[in-house]
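Report on one structure; see the data block that follows.
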Amino acid sequence: MSLAELQNMFLNPDLLERYGPRFIDGLLVTGKLVAISFTLGALLGLLIALGRLSSNRFLRSFTGAYVYFFRGSPLLAQLFLLYYGLGSFKGFWQDVGLWWFFRDAWFCTLLAFTLNTAAYQAEILRGSILSVAQGQREACKALNLSRWTAFRKIILPQSLLVAIGPLGNELILMIKASAIASLVTIYDLMGVTKMAFSRSFDFQVYLWAAVLYLLIVEVVRRSLKLIEGRLGRHLQ
Amino acid sequence: MLAQPAYVHPVSPVTDTRKVVVDIAGLNKYYSAFHVLKGIDLKVREGERIVLCGPSGSGKSTLIRCINRLEIAEQGRILINDTDLSLPTREASKVRSEIGMVFQHFNLFPHMSVIDNCILAPMSVRGLSRKKAIELAQHFLTKVGIASQADKYPSQLSGGQQQRVAIARALCMEPKIMLFDEPTSALDPEMVSEVLDVMVNLAGSGMTMLCVTHEMGFARQVAERVLFLDGGMVIEDSPPEEFFNAPKSPRAKAFLAQIVH
């Protein structure tokens, strides 16, 4: 096999010229999708984690049920439920003025991903908040710090250091699970890959997709390492 | 090590006219079925230095933790400067920040430098400016002999140094009363004296102190009263020379026989 043949097999210049730009677009869509839903999911997840730790029984059982549902069912099913399920109540959404949201695959996907990752992140954060030594809370009380200051300045920074590893893991899982978005007409990385394959019947586009996913994960991995070093600078 | 009594021990409780700053009456505390404190009555006067000792499980730590409400007693009343801490009033919160506490395991904030540990509460609770808080922190860090380490993290310090930082951090709130919960029990033996020296100095400055400790040398040197607790009750309450030389109760005798070699 010559070098040119080998190149044609894995990085065909014609194919690259035709679909390369679309892959870049797909990469950006995947990045945006994951970045937005992961960030919103972190905020929601923190609230849910606090609900799980609350002394209020109603809040505790509500957030518990939330986590139970979103961790217990497949992301794909949740996405379909939102997009096809809720999307079938067109009249109702038009009445309440939310049809623009639920008819749009992009918004539905963002919502499904956010709700799903929030459940996982809530459990990570809950565990990491519990892992902060009791003495830290006592020191805060003895210094008469307000609960909010104690949480923001003492408990949260220490628990994030514990959480960063599992949160990174969740982010990486999210990046790969985001390929599901391609099933509801989103042209994310997997969406453009499927399109390119259906037109060219050349399997190498899946190889490109795999390499590009790997690339994102590698960027994430390195960023996490930096953040971890920053949060844990007192341990060096 | 700590030989001569440094202070004149006063005065009978009857003739003592100093203001009562901690007034505990009928305090009962339970850990579910376990009755930890059984009707404690205790008056502490301004500037008094009290050492609490007793076997483990006797309730001495619980007692001082009740004073700054780390534990909530089921029955009884604690007045600090005539303010009832159990009422959730603004005044109660203010009084609480006049009580400093030093823990057995230091409980410094590990992710903050020494100086940040010291300025957090003064800025956030007392509303001091950063500049003022840093001045204050440096003053107390100098007092505990650790000013040169201000920018280090707690993990970079020895146990004795960490405990001295914890004392400085508590002092930065300029408390009227200091509580010590076995401050030297987690330390290597060669670091005990540096912490005790700081506490002796603090006692000399007229601070009201309640110390749970087994450092009997410290008790002899500094305490005005030694309280011996057993089974959730105050069994003895006497000046140190009386407590060490002529303990009244057999349990105190047995306790002293075990710890004084």
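Since every read-out is calculated from the coordinates, none of them should be taken as a lab result. Since the model is a prediction, treat every value here as computed from it, not as a measurement. Because the Cβ atoms are built from the backbone with ideal geometry, glycine has one as well, and the counts that use them run over all protein chains shown.
Data overview
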{"quantity": "Dipole magnitude (debye, nearest 20) for the stretch A:3-235, charges at Cβ of Lys, Arg, Asp, Glu", "calculated": "1120 debye"}
{"quantity": "Dipole axis of the protein assembly as shown (+1 Lys, Arg; -1 Asp, Glu on Cβ), positive-most option in B:Ala133, B:Ile167, A:Leu171", "calculated": "A:Leu171"}
{"quantity": "Whole-Hz couplings from phi, Karplus 6.51/-1.76/1.60, listed for the stretch A:78-85; x for Gly and Pro", "calculated": "5, 5, 5, 4, 6, 6, 8, x"}
{"quantity": "Dimensions (Å) - chain B, Cα atoms, principal axes, largest first", "calculated": "52, 45, 39"}
{"quantity": "Cα centre as origin, Lys/Arg/Asp/Glu Cβ charges: the stretch B:20-258 dipole, Debye", "calculated": "480 debye"}
{"quantity": "Normalised alpha carbon radius of gyration of the protein assembly as shown [divisor 2.2 N^0.38 Å]", "calculated": "1.35"}
{"quantity": "Out-of-range pairs (alpha-carbon distance over 29 Å; input B:Lys29/B:Lys94; B:Lys29/B:Lys176; B:Lys176/B:Lys253; A:Lys141/B:Lys132; B:Lys176/B:Lys248)", "calculated": "B:Lys176/B:Lys253; B:Lys176/B:Lys248"}
{"quantity": "Between helix A:156-177 and chain A: long-axis angle, C-alpha atoms, 0 to 90°, nearest 10", "calculated": "20 degrees"}
{"quantity": "For the protein assembly as shown, size of Cβ-based charge dipole, Lys and Arg +1, Asp and Glu -1, in debye", "calculated": "880 debye"}
{"quantity": "Built amide H within the under 5 Å cut-off of B:Phe180, gap 5+", "calculated": "B:Val102, B:Leu210, B:Cys211, B:Val212"}
{"quantity": "10 Å Cβ neighbours from other chains, averaged over peptide B:132-140", "calculated": "0"}
{"quantity": "Tensor-based shape of chain A (alpha-carbon gyration tensor, a/c under 1.5 rounded, otherwise prolate or oblate)", "calculated": "oblate"}
{"quantity": "The stretch B:40-120: C-alpha gyration tensor shape, a/c 1.5 cut-off, then a/b vs b/c", "calculated": "oblate"}
{"quantity": "Within-13-Å neighbourhood charge of B:Leu87 [Cβ basis; K, R +1; D, E -1]", "calculated": "+2"}
{"quantity": "Residue order, fewest to most surrounding Cβ atoms within 10 angstrom, among B:Val192, A:Val219", "calculated": "A:Val219, B:Val192"}
